[in-house]
1. Here are some conditions: (1) of a type in the set (Lys, Arg); (2) at pLDDT 80 or above; (3) assigned to a loop (DSSP other than H, G, I, E, B). LYS91 meets all but one. Which one does it not meet?
2. Between a first residue in the range 40-66 that is of a type in the set (Gly, Ala, Ser) and a second residue that is part of a loop (DSSP other than H, G, I, E, B), which pairs have beta carbons less than 6 Å apart while being 6 or more apart in sequence or on different chains?
3. Can you tell me which of ASP11, ASP37 is free of Cβ contacts under 8 Å to residues at least 12 places away in the same chain and either more than 13 Å from the chain's Cα centre (by Cα) or more than 20 Å from ILE104 (Cα to Cα) (or both)?
4. Restricting the search to the range 40-73, which residues are loosely packed, with under 12 Cβ neighbours inside 10 Å and modelled with pLDDT of 85 or more?
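The values are calculated or read from the model by the stated rules, or taken from the named source; none is laboratory data. Only a predicted model underlies this, so the values are computations on that prediction, with no experimental measurement involved. Please note: Cβ atoms are built from the backbone with ideal geometry, for glycine as well, and neighbour counts cover all protein chains shown.
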Amino acid sequence: MTVEEYNQCVDAHADSLYRFILKNLRDREYSHDIVQDSFEKLWVNRNNVDGTKAKSYLFTTAYHTMIDHLRKTKRLDNREEIPPQAITHSKTYSDLQEILHEAIQRLPETQRMVLMLRDYEGYSYQEIGEITGLNESQVKVYIYRARIFLKDFIGTPENVI
């Protein structure tokens, strides 16, 4: 990878990488740190990374760094801690984005990651598998389970509107 390709990579992927990490961590400062660390690792390994695979390398590196951080701080969501009454959204409220954000935050970590890579960042199942280290069928199962949880949490459109 040349210096020019590296600079193009920074311009092209810094914002989407930051959004992905911030959406999962909800910590601006640490999200900045992870993005910076990912680009630093890309720079150190620039001679070993193909310019066409730089995006995948960045997201994979950031994903693993974020997982390490989550494990260290023990901020993993535990679904058993959520009372069954809290799984469905019963109050009438019109801000669907806020309700969806709350539902996404209640997802188990792996489901949240693969769902966001697929629906927010637009990665294919195969690319998500490469980033997360899961096989393609596992990725599909996690995305399916996440969507079912979101559907159950949000409920019918009448509850939201």
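1. (2)
2. GLY51/MET1
3. ASP11
4. Restricting attention to the range 40-73, the residues satisfying the condition of being loosely packed, with under 12 Cβ neighbours inside 10 Å are 40, 44, 47-48, 50, 52, 68, 71-73.
Selection gives GLU40, VAL44, ASN47, ASN48.
Conditions (1) of a type in the set (D, E, K, R); (2) in contact (Cβ under 8 Å) with a residue 40 or more places away in the chain, marked per residue:
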{"position": "MET113", "(1), (2)": "no, yes"}
{"position": "ARG118", "(1), (2)": "yes, no"}
{"position": "GLU121", "(1), (2)": "yes, yes"}
{"position": "GLU136", "(1), (2)": "yes, no"}
{"position": "LEU150", "(1), (2)": "no, yes"}
